[in-house]
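**Student:** Shown below is the structure under consideration.
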Amino acid sequence: GIGFDATCSLVVLDHQNKPLSVTPGEPANQNIIVWMDHRAKAEAEFINDKGHDVLRYVGSVISPEMETPKLLWLKKHHPETWEKVSKFFDLADFLVYKATGEDIRSICTTTCKWTYLGHEKSHSEESIGRWDASYFEEIGLEDLVGDNFNKIGQIVRPVGEAAGRGLTKEAAEALGLKTGIPVGVGIIDAHAGGLGLLGMKGKNDEEMNPETRVALIGGTSSCHMAVSKEPVFIEGVWGPYSDAMVPGFWLNEGGQSATGALIDHIIFSSSQAEELQTLAGRENTTVYELLNNRLRTLTGRSRLKNMGELTEELHVLPYFHGNRSPRANPSLTGSITGLRLSSTLDDLALLYLATIQAIAYGTRHIIESMNENGYSIRQIVATGGGTKNEVFLQQHADICNCEIILAKESEAVLLGSAVLGAVASEIYPSVFEAMNKMNQAGEIIQPSGKGITRYHDAKYSVFKKMYKDQISYNRIMNHEEH
């Protein structure tokens, strides 16, 4: 069986299934608006001002990373493409379409990124859930309503269900596989990570309790996936989404718009970047491990008990690409306080550490928001690039005061796609059972203990105050306070 996951990026096709340009003046083969493209900020603000009831299911605030603001942007700014469009796809659904020839959309993609109401009664026997036509009419996308819902998908099915008759002859030849192999209805990449993580047993081989865990899926950005039997409404946290990741559970999705991208920005925009890369090549290691080693040396030299204490006077607000949750404000910016008139490799190592800590405070803020609204999260299950970094992991464990369980299969996002393929091919009867059988725990990282907790509590207070200070600065510049 085959399962597809992909970023929640927008794919645009004409009536011949050929690509259409998504940016005026750019070629047609550039027909995807990547998920992190914030061109639709004004459209998202417009939609939020309307306050339609569907927004209750995206944490009350729609993001420019979602699809309907991008659709509205295309209609307003690229009418030539808008008039020629036959289909808009989320990328995972497009891959299923290419593989099977069937336009079958996922309850995951449509519910999480398109405002589909997966929990409501369908108007069609072919689908679960429904579109709310009044939402599209209210925000100026009335030309997608009725029969034109075909452009964004009329058949919406559960993740992992076999799509159509499986792999077409054309797709099979392109992939070097056999025609007819079952293809599962697709899923967003972070949500695939949830399927590859939440089924793991604990350190004493206890059965999973997904409602006490958050799945941290890190990469360019980070997603924080939590599930519950009953819907949980959290201001600024996406969801609740019915059956969008684990069938039978509601999903809440927190996230940070720039994590790996932010760490790399801090490193590679530094005056030390070139020297650091040269040194990494000479020593056959990575820039991250070089910086981690510098931090270990600095910790030993300073005789501190814990590496985290190196940044007592250095603080970062990590909103360099806005804040996805729980602030839900894409216009926020980042800041650094505690800089000195020095730019050595050690200075970069300390700023790198402070940035990792800032990302971990963001994770703590998301978990705190979830727990204040009904969750009881005590454990992080994690995958992604950051989980290959010992400093990243330990700072998260210490700052969130949660143990972190890593998957035995380090590529847990791909494992989640394999879960879908296993269900589509009937190796397992359900996604939940496949998760139980296919998820296995690997290394477990424990918090350092009470000695560091008070320190991080203080830095977390600084983290929150830096946000308040930024809002205050904005008010002063807008002449709202003096």
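The values are calculated or read from the model by the stated rules, or taken from the named source; none is laboratory data. Please read all numbers here as calculations on a predicted model, not as lab measurements. Cβ atoms come from the backbone with ideal geometry, glycine included; neighbour counts cover every protein chain shown. When the accessible area is computed, the model is the full protein with side chains, heavy atoms only, and any ligands, DNA or RNA have been set aside. Shrake-Rupley method; radii C 1.70, N 1.55, O 1.52, S 1.80 Å.
**Student:** With respect to Thr337, determine if the residue is surrounded by fewer than 23 Cβ atoms within 10 Å (Cβ to Cβ) and either under 16 Å from the mean Cα position of the chain (by Cα) or over 20 Å from Val287 (Cα atoms) (or both).
**Tutor:** Here the answer is yes, as Thr337 does meet what is asked.
**Student:** Counting just the residues of region 365-378 that are of a type outside the set (Phe, Trp, Tyr) and crowded, with 20+ Cβ neighbours inside 10 Å, which one comes out nearest to Arg454 (Cα to Cα)?
**Tutor:** Restricting to residues being of a type outside the set (Phe, Trp, Tyr) and crowded, with 20+ Cβ neighbours inside 10 Å, the top hit is His365.
**Student:** Looking for whichever is in contact with a Leu (Cβ under 8 Å, 6 or more places away or on another chain) and closer than 30 Å to Ile471 by Cα here; the options are Leu290, Leu295, Leu310. Which one fits?
**Tutor:** Sole residue among the options that is in contact with a Leu (Cβ under 8 Å, 6 or more places away or on another chain) and closer than 30 Å to Ile471 by Cα: Leu310.
**Student:** Restricting the search to region 318-334, which residues are polar (S, T, N, Q), within 13 Å of Ile359 (Cα to Cα) and not in a loop (DSSP other than H, G, I, E, B)?
**Tutor:** Asn323 - this is the single residue of region 318-334 that is polar (S, T, N, Q), within 13 Å of Ile359 (Cα to Cα) and not in a loop (DSSP other than H, G, I, E, B).
**Student:** Show the residue pairs meeting these rules: Cβ distance below 6 Å; 6+ apart or different chains; first residue within region 272-292 and in contact (Cβ under 8 Å) with a residue 24 or more places away in the chain; second residue surrounded by 15 or more Cβ atoms within 10 Å (Cβ to Cβ) and not hydrophobic (A, V, I, L, M, F, W, C).
**Tutor:** Once the first residue is in contact (Cβ under 8 Å) with a residue 24 or more places away in the chain and sits in region 272-292, its partners that are surrounded by 15 or more Cβ atoms within 10 Å (Cβ to Cβ) and not hydrophobic (A, V, I, L, M, F, W, C) give Tyr288/Asn389; Leu291/Tyr352.
**Student:** Any idea which residue in region 18-44 is surrounded by the most Cβ atoms within 10 Å (Cβ to Cβ), counting only those that are assigned to a loop (DSSP other than H, G, I, E, B) and among the β-branched types (Val, Ile, Thr)?
**Tutor:** The qualifying residue surrounded by the most Cβ atoms within 10 Å (Cβ to Cβ) is Val22.
**Student:** For region 399-482, give me every one of the helices (runs of 4 or more DSSP H) that falls completely inside it and has 2 or more residues that are small (Gly, Ala, Ser) and surrounded by fewer than 19 Cβ atoms within 10 Å (Cβ to Cβ).
**Tutor:** Those helices (runs of 4 or more DSSP H) span 450-477.
**Student:** Just the residues that are farther than 25 Å from Leu406 by Cβ and aliphatic (A, V, I, L, M), please, taken from region 439-482.
**Tutor:** Passing the criteria: Ala458, Val462, Met466, Ile471, Ile476, Met477.
**Student:** Then there's this: Give me the residue from region 56-108 that is assigned to a helix (DSSP H, G or I), of a type outside the set (A, V, I, L, M, F, W, C) and in contact with a His (Cβ under 9 Å, 6 or more places away or on another chain) and, out of that set, surrounded by the fewest Cβ atoms within 10 Å (Cβ to Cβ).
**Tutor:** Among residues in region 56-108 that are assigned to a helix (DSSP H, G or I), of a type outside the set (A, V, I, L, M, F, W, C) and in contact with a His (Cβ under 9 Å, 6 or more places away or on another chain), the one surrounded by the fewest Cβ atoms within 10 Å (Cβ to Cβ) is Lys84.
This table checks each residue for (1) under 24 Å from the mean Cα position of the chain (by Cα); (2) polar (S, T, N, Q).
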| site | (1), (2) |
| --- | --- |
| Ser134 | no, yes |
| Leu177 | no, no |
| Gly180 | no, no |
| Leu195 | yes, no |
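**Student:** Out of all the residues in region 387-398, is one or more more than 18 Å from the chain's Cα centre (by Cα), more than 24 Å from Glu309 (Cα to Cα) and either open to solvent by 10 Å² or more (accessible area, probe 1.4 Å) or not β-branched (Val, Ile, Thr) (or both)?
**Tutor:** no
**Student:** I need a count of the residues in region 109-148 that are exposed (fewer than 15 other Cβ atoms within 10 Å of the Cβ) and over 16 Å from Val54 (Cα atoms).
**Tutor:** So the count comes out to 8.
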